[in-house]
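Peer 1: This structure is in structure tokens; I'll ask about it shortly.
The values are calculated or read from the model by the stated rules, or taken from the named source; none is laboratory data. Since we're looking at a predicted model, the values are computed, not measured. In this analysis, Cβ positions are derived from the backbone assuming ideal geometry, glycine residues included, and neighbour counts consider all displayed protein chains.
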Amino acid sequence: MTPAPTDRAMTPAPTDPAMPPAVIELRGATKSYPGGVHALRGVDLRVAQGELVAIVGPSGSGKSTLLNLLGTLDRATSGEVRVAGYDVNRLSDAQLSALRARHIGFVFQHFHLAPGRSAQDNVADGLLYGGAGLRERRARARTALEEVGLGHRIDHLAHQLSGGEKQRVAIARALVGDPDLLLADEPTGALDTASGALVMNLIRQLHAAGTTVCVITHDNDIADSLPRRIRFRDGEIVDDSGPPGPSGSPAEHTDSPAEHTEEVPR
Amino acid sequence: MSGPALRPARLSPADILRTGASGLRTRRTRVVLSALGIAIGIATMVAVVGLSTSSRADLLARLDRLGTNLLTAEAGRNALGQDVKLPKSAVAMVERIGPVQHATATGAVDARVRRSDAVPEELASGVTVQAARPDLLDALNARVDQGSWLNPASERLPTVVLGSVAAERLGLTAPGAKILLNDRWYVVTGILAPIELVPTLDRTALVGYPSAERYLGFDGHPTTVFERSTDASVEAVQGVLARTVSPGDEGSVKVSRPSDALAAKAATDKGLTTLMLGLGAVALLVGGVGVANTMVISVLERRSEIGLRRALGATRGSIRIQFLTESLLLSALGGTAGAALGAIATFAFARTQGWIAVVPPWSLAGGLGATLVIGVVAGLYPAVRASRLHPTVALSAS
């Protein structure tokens, strides 16, 4: 079932041809569940390439539903959802899988690492469904781990790592495929303050290196530290600080955040 | 803006195996236990087939050694219920049948066997006396266990050779002793090894014709004629044997082929083998249910892993093949272990029986094939269930 885009769709952000292309575009996106629960009530949103966005709101505000739509794990009930330029409603389940494999990286609150496997293998799994061979996956995993400052933990098993390290492994796994969009769902939710700050630092560096990042959080302090904040309540955007001006956006896109490696504290 | 057409990448066979095995590596105890069910089933079936094949092979080897070309013609009773006597010329007449290579005879001697004169005459020893020709041993492929067989000299003297059971019944373990036949002392010159083709002779005391006629009142009429012919003509000889040994009274002569009894034994084992195979199949079925159960639980437990894999870009098909592969690996593990166990059991048991162990390759192939079928059948439902799991539901399970 693919509902047609609603006509009340409007362009939320200024469509300046000079602006970088959108990674996320939502037009009148709604999500309802049987029983009359409206998790999202007509959301319009545009996130451009290279942005770092906080999606913030209390639990039940619809931000997790939004994450599922942005991550193409779920489809909107109505409205249009475009991710990395693809109209999600027009893609089959298999095509959505390919979209996730190549264009979206996920970071979860609870890391979701395979406990008995090494950090390298966990990160290499981020490339498993993209078609790369084992040798290439391992080599790129090694590089990604070095990028998040875990070059010395490559052969450690996932359950031997600290919480902060686990989340950095998870970030490396999300990054290893060089995605257009990094979705982080409460990335510091299961960490102590120090590790959480470290993880946020890493995210900011990735952003500085050109990665588009959406951080979903209920933590206002974290949201306030990010350049753009989109506040949710009852399935609607109640406040969008908007994309920062040209001075606030990254001036240039570097292909890889590798040059920042040494800045990552261990 | 719209990117190029999206097509999910195919996992290489090696990656399919790796992902399928990843679930097994972290749950070893459960893997061993559920593979054990399959292993027991396969081991039972392989061992049953192996043992029945080995025992049959042994029997056939024995038959081969003993020959299937021996026929016996035994005097029975005529229509009036009287004992029939075969003519003294019976052996000579049988020898005149074209394909017959060898003919000999034994004749029942009405004599009582006693260990010594201290044993009362009324006490039955369970040993009968037969008069035999010196060529009997060759005709039956029998051999002497201890001492010596009758020869042209000793067949005239009061000497006796005992069958293996007869020696046991008389309490003799070595030749040299004297026993009483009727009231005549006979020297035991030899004890025979068991005669597989004609086990009735094991219970007899064999004496020479001349000696039997002279000391025991034997009338010289044979009661059983033994003959060997070429393999190809056994049936033809069987057709004329009764008529030849007792012309005009062939109805009272019983012709039989002793090797048939051994061959029949091979056939009767079949029923037991079928029953055991059935038991093995039940064990295998239970093992399969165990694998299915393990897989269903595995899918339930690993919802968040499934969600993660979907988020990383796994298609429903990749999830399905992962769990199917896991189930296949699980049962293949059990199947391989079972086939090995079954083969080892066959070799061990065959060794204790002195057989040559035979494990038919088709039983191994069949066992492994059955395992793979079980793996697919047991894994299909859990795999489909895993692949149908909605990614958001799977991820929220943690």
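Peer 1: Among the residues of segment B:135-154, is any touching a strand residue (DSSP E or B) at 6+ places or on another chain (Cβ under 6 Å), surrounded by fewer than 19 Cβ atoms within 10 Å (Cβ to Cβ) and either outside the structural domain of B:ARG77 (by TED's automatic domain parsing) or within 24 Å of B:LEU123 (Cα to Cα) (or both)?
Peer 2: Looking for residues that are touching a strand residue (DSSP E or B) at 6+ places or on another chain (Cβ under 6 Å), surrounded by fewer than 19 Cβ atoms within 10 Å (Cβ to Cβ) and either outside the structural domain of B:ARG77 (by TED's automatic domain parsing) or within 24 Å of B:LEU123 (Cα to Cα) (or both), one finds none in segment B:135-154, hence no.
Peer 1: Further question: Being assigned to a helix (DSSP H, G or I), surrounded by fewer than 19 Cβ atoms within 10 Å (Cβ to Cβ) and away from chain A (no Cβ under 14 Å) is true for just one of B:ALA14, B:ALA47, B:ALA57. Which residue is that?
Peer 2: Within the list B:ALA14, B:ALA47, B:ALA57, the selection yields B:ALA57.
Peer 1: Being touching a helix residue (DSSP H, G or I) at 6+ places or on another chain (Cβ under 8 Å) and either of a type in the set (D, E, K, R) or farther than 20 Å from A:ASP87 by Cα (or both) is the filter; apply it to segment A:52-70 and report the residue that is surrounded by the most Cβ atoms within 10 Å (Cβ to Cβ).
Peer 2: Per the criteria, the residue is A:ILE55.
Peer 1: Just the residues that are assigned to a helix (DSSP H, G or I) and within 9 Å of chain B (Cβ to nearest Cβ), please, taken from segment A:109-120.
Peer 2: Of the residues in segment A:109-120, the ones assigned to a helix (DSSP H, G or I) are A:119-120.
Listed by number, the list is empty, since nothing qualifies.
Peer 1: While we're looking at this one, here's another question. Among the numbered conditions (1) crowded, with 20+ Cβ neighbours inside 10 Å; (2) modelled with pLDDT under 80; (3) among the β-branched types (Val, Ile, Thr), tell me where B:VAL84 comes up short.
Peer 2: All conditions are met except number (1).
Peer 1: Name the residues in segment A:125-149 that are surrounded by 23 or more Cβ atoms within 10 Å (Cβ to Cβ) and either more than 18 Å from B:PRO8 (Cβ to Cβ) or more than 12 Å from chain B (Cβ to nearest Cβ) (or both), would you?
Peer 2: A:ALA141, A:ALA144, A:LEU145, A:GLU147, A:VAL148
Peer 1: Could you tell me whether B:ALA118 is surrounded by 11 or more Cβ atoms within 10 Å (Cβ to Cβ), in the same structural domain as B:THR200 (by TED's automatic domain parsing) and in a loop (DSSP other than H, G, I, E, B)?
Peer 2: Working: surrounded by 11 or more Cβ atoms within 10 Å (Cβ to Cβ): no; in the same structural domain as B:THR200 (by TED's automatic domain parsing): yes; in a loop (DSSP other than H, G, I, E, B): yes.
No; evaluated as a whole, the condition is false for this residue.
Peer 1: Which fully enclosed strands (runs of 3 or more DSSP E) of segment B:188-270 have 1 or more residues being crowded, with 18+ Cβ neighbours inside 10 Å and among the small types (Gly, Ala, Ser)?
Peer 2: Values: elements: B:204-208, B:224-229, B:253-256.
Filter on segment B:188-270 gives B:204-208, B:224-229.
Peer 1: Here's something else I'd like to know. Can you name the condition, by its number, that A:THR72 falls short on among (1) over 16 Å from the mean Cα position of the chain (by Cα); (2) without any contact (Cβ under 8 Å) to a residue 40 or more places away in the chain?
Peer 2: With (1) over 16 Å from the mean Cα position of the chain (by Cα); (2) without any contact (Cβ under 8 Å) to a residue 40 or more places away in the chain applied to A:THR72, the lone miss is (1).
Peer 1: Consider B:THR392 carefully, then state whether it is surrounded by 15 or more Cβ atoms within 10 Å (Cβ to Cβ), touching an Asp or Glu at 6+ places or on another chain (Cβ under 7 Å) and part of a helix (DSSP H, G or I).
Peer 2: yes
Peer 1: Any residue in segment B:313-325 that's within 7 Å of chain A (Cβ to nearest Cβ): show its pairings with residues that are surrounded by 24 or more Cβ atoms within 10 Å (Cβ to Cβ) and hydrophobic (A, V, I, L, M, F, W, C) at Cβ separation under 6 Å, as long as the two are six or more apart or on different chains.
Peer 2: From segment B:313-325, the pairs are B:GLY313/A:ALA101.
Peer 1: Looking at segment B:357-367, can you tell me whether even one residue there is surrounded by fewer than 17 Cβ atoms within 10 Å (Cβ to Cβ) and within 18 Å of B:LEU285 (Cβ to Cβ)?
Peer 2: Yes, the conditions are met somewhere in segment B:357-367.
Peer 1: Related question: Before we move on, is B:ALA261 within 30 Å of B:ALA90 (Cα to Cα), free of Cβ contacts under 8 Å to residues at least 40 places away in the same chain and within 36 Å of the chain's Cα centre (by Cα)?
Peer 2: Yes: the conditions hold for B:ALA261.
Peer 1: Please tell me if A:GLN95 is of a type in the set (S, T, N, Q), over 16 Å from the mean Cα position of the chain (by Cα), facing another protein chain (nearest Cβ under 8 Å) and part of a helix (DSSP H, G or I).
Peer 2: The answer is yes for A:GLN95.
Peer 1: Have a look at A:ALA144, A:ALA94 and point out the one that is over 25 Å from A:HIS207 (Cα atoms) and free of Cβ contacts under 8 Å to residues at least 60 places away in the same chain.
Peer 2: Within the list A:ALA144, A:ALA94, the selection yields A:ALA94.
Peer 1: Look through A:GLY71, A:GLY50, A:GLY79, A:GLY57 and report the one residue that is more than 10 Å from chain B (Cβ to nearest Cβ), closer than 13 Å to A:ASP180 by Cα and of a type in the set (Gly, Ala, Ser).
Peer 2: The unique qualifying residue is A:GLY50.
Peer 1: Where in segment A:19-87 are there strands (runs of 3 or more DSSP E), lying fully within it, with 3 or more residues that are among the β-branched types (Val, Ile, Thr)?
Peer 2: A:22-33, A:37-48, A:52-56
Peer 1: Could you list all residues from segment B:17-37 that are among the β-branched types (Val, Ile, Thr) and either in contact with a His (Cβ under 6 Å, 6 or more places away or on another chain) or at the interface with another protein chain (Cβ under 8 Å from one of its Cβ atoms) (or both)?
Peer 2: Taking segment B:17-37 first, the residues among the β-branched types (Val, Ile, Thr) are B:19, B:26, B:29, B:31-32.
The answer is B:THR19, B:THR26.
Peer 1: Which condition number in (1) surrounded by fewer than 16 Cβ atoms within 10 Å (Cβ to Cβ); (2) away from every other protein chain (no Cβ under 14 Å) is the one that B:VAL94 fails?
Peer 2: With (1) surrounded by fewer than 16 Cβ atoms within 10 Å (Cβ to Cβ); (2) away from every other protein chain (no Cβ under 14 Å) applied to B:VAL94, the lone miss is (1).
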